[in-house]
Every structure is written in C-alpha cells, then in structure tokens.
1. In the stretch 13-31, what count of residues is obtained for those that are among the β-branched types (Val, Ile, Thr) and either outside any helix (DSSP H, G or I) or without any contact (Cβ under 8 Å) to a residue 60 or more places away in the chain (or both)?
2. Take the stretch 48-69 and flag every residue that is free of Cβ contacts under 8 Å to residues at least 12 places away in the same chain and either touching a Gly at 6+ places or on another chain (Cβ under 6 Å) or basic (Lys, Arg) (or both).
3. Mind checking whether some residue in the stretch 110-125 is in contact (Cβ under 8 Å) with a residue 60 or more places away in the chain, part of a loop (DSSP other than H, G, I, E, B) and of a type in the set (Gly, Ala, Ser)?
4. Restricting to the stretch 1-42, name every residue that is hydroxyl-bearing (Ser, Thr, Tyr) and farther than 11 Å from LEU114 by Cβ.
5. Taking the stated definitions as given, is LEU39 at pLDDT 95 or above, closer than 23 Å to ALA226 by Cα, out of contact with any Phe, Trp or Tyr (no Cβ under 7 Å at 6 or more places or on another chain) and hydrophobic (A, V, I, L, M, F, W, C)?
6. Given MET134, MET154, which one is within 23 Å of VAL216 (Cα to Cα), modelled with pLDDT under 95 and surrounded by 15 or more Cβ atoms within 10 Å (Cβ to Cβ)?
7. Can you give me the number of residues within the stretch 87-103 that are over 30 Å from MET50 (Cβ atoms) and exposed (fewer than 13 other Cβ atoms within 10 Å of the Cβ)?
8. If you check LEU183, LEU176, LEU201, which single one turns out to be closer than 23 Å to TYR111 by Cβ, over 14 Å from the mean Cα position of the chain (by Cα) and either at pLDDT below 95 or not in a loop (DSSP other than H, G, I, E, B) (or both)?
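The values are calculated or read from the model by the stated rules, or taken from the named source; none is laboratory data. As the structure is a prediction and not an experimental result, all values here were calculated from the model. Note: ideal-geometry Cβ built from the backbone for every residue, glycine included; neighbour counts use all protein chains shown.
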Amino acid sequence: MHFLPFAALFAASLLAILGFATRYYLPILLVAYGAAAQLGLITAWAVLPMALLVLAGWGMCAQRRSVRLLAHLGFVGTALALMLHRFAGFNNPMVFAPQALSADALPFALYLNLDKPLIGFSLLLIFPLLAQRMSIQKTLGAAMVPLIAAMAVMVPLAISWHVVAWQPKWPEMTALWLLNNFLLVCMAEEVFFRAYIQGHLSRWLAHWPYGAAIAVCLAALLFGLAHMAGGWLWVVLATIAGVAYGVAYRYGGLLAAMLAHFGLNALHFTLLTYPMLRN
C-alpha cells in the first residue's frame, strides 16, 4: 500500500546524494509526496512546514544579510520541529510493530517518515553543491578511517556503560531498516548537521585558529544533544559519533559522512542491542 511514495523517496534521495541535477530527482520527489497525499499519509496541514521551508530557502538566498539571518533561524526552527515530528499533517506509517529485537532490548517499532526527509531534500534543493561529487577513493577513505576509529572507541564504551550488549541478529525488518536508515535517516541528519550546520560554521570560523576543528566539534555537540531522549550517556556517544561523521564530511563530503553514519548504525542494529538495553 505504501510502496510507491517510499520507493520514490528512496530513489529521489539516491539521485540527490549522488549529485544529480535537481531536474532528475525533483519530479520523483513530487511523485512521492503526491502519492503520499493520495494515500492519506499527508494532509493539508503538511503544507505549512513545506511553505516555511520554501520561504526560508528564498530568504537564505537573499542579498540582505538581515533577511538571510532570519531565514536561517526560521529554517533551523522548522527543521528541528520536523525532526521531532512536531508538525501536524504527517501520518508516518508504522511498518513493523513494537518488538524486542533481542534479549533485554527495549521494544523498537519501524516507522517510515515523510516529515524528517524534507529537511535534507530542502537543503539539497536550495544548495545543490552540498552533494558535490568526489572520487570514490577519496569518499571511501574519508568514511572508513573515522568509522573504524569511532567503532574502536564507542563499542567498548557503550558495552562497559551497559547501554548495549553484544547481540548479533538479522530480524525480519533488517533489509527495509538498512534502506530507510541510509537513504532517509542518514541523508536528513548528515545534510542538516554536517553539510548545513558544520559547513556554515566552517565558513564563519575560517579565520580562527583550528576553525575547522571547532566547527566539527560544535556540530557534533548539537548532534549529540539531538539524542537527549536516550539519556546523557546516549548524548555522549552520539557526540563522539558526530565527531567521526564530521571528520568524514570534512575530507570526503556528504556521501562520506553518510557512509560513516550508516556503517556505525548498521553495526549497532545487526551486532549490538538495538536500540538499547532495557535496564
């Protein structure tokens, strides 16, 4: 029933992050949300955040500095509300009911979201160069080094803090979870926190000593705080992960950051307690 809108969303995301021109993926994106509207997955209320994103996009490209500043503030506010699912009008389907994926794990339900991906798509439409292509060697190298470092630090910490345990698994939802996580979750989060937040901070701090490193750390801290719902230990772990993704973005661009993010998430889902231990 929900195949068409999400198949189209996945396809549009893949084209966008690979740096294809807007004319290739925007029609697919329109099909996705049009089909979602026909199926009742979005209602008229969803027009509000979409209009706010369009308005913010116009303002961020304005010549007046004050207009650009207000537009950026408006965009961040709208993006955070979308990320937290605060806007009405989105009936995100639950495709797998809450279930414990392994012993002592908190129940997990898989939703396919229509609101959160708007953050990434809107930024890629406003600033197409955010998805600028790099060589495959540079992309993979920039992703793998921080990913391996993050795994080496975070897995022992998370296990020693009893956040997760070693629990290899391959539940029924795995294939869809992996597809959704890379093309919608990682896309939205990395476009926002790395390409947008870290990218702007890097430019603003370009003349500071260690400006690029400060930008990586500040964006990582914001990313960590976005995981507050999991508690302070989760904030610390997410901040460490954010540093790794930031380094990947710094040297390999958006796709490298997404690959690092996806690699760590996939390890967490398939080899460790997911989402976390009950106690």
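1. As a first pass, look at the stretch 13-31 and keep what is among the β-branched types (Val, Ile, Thr): 17, 22, 28, 31.
Checking which are either outside any helix (DSSP H, G or I) or without any contact (Cβ under 8 Å) to a residue 60 or more places away in the chain (or both) leaves us with 28, 31.
Summing the residues that are among the β-branched types (Val, Ile, Thr) and either outside any helix (DSSP H, G or I) or without any contact (Cβ under 8 Å) to a residue 60 or more places away in the chain (or both) in the stretch 13-31 gives 2.
2. Once the filter is applied, which keeps residues that are free of Cβ contacts under 8 Å to residues at least 12 places away in the same chain and either touching a Gly at 6+ places or on another chain (Cβ under 6 Å) or basic (Lys, Arg) (or both), the stretch 48-69 yields ARG64, ARG65, VAL67, ARG68.
3. no
4. At the first step, the residues of the stretch 1-42 found to be hydroxyl-bearing (Ser, Thr, Tyr) are 13, 22, 24-25, 33.
Hits for the stretch 1-42 are SER13, THR22, TYR24, TYR25.
5. no
6. MET134
7. Number of matching residues: 1.
8. LEU176
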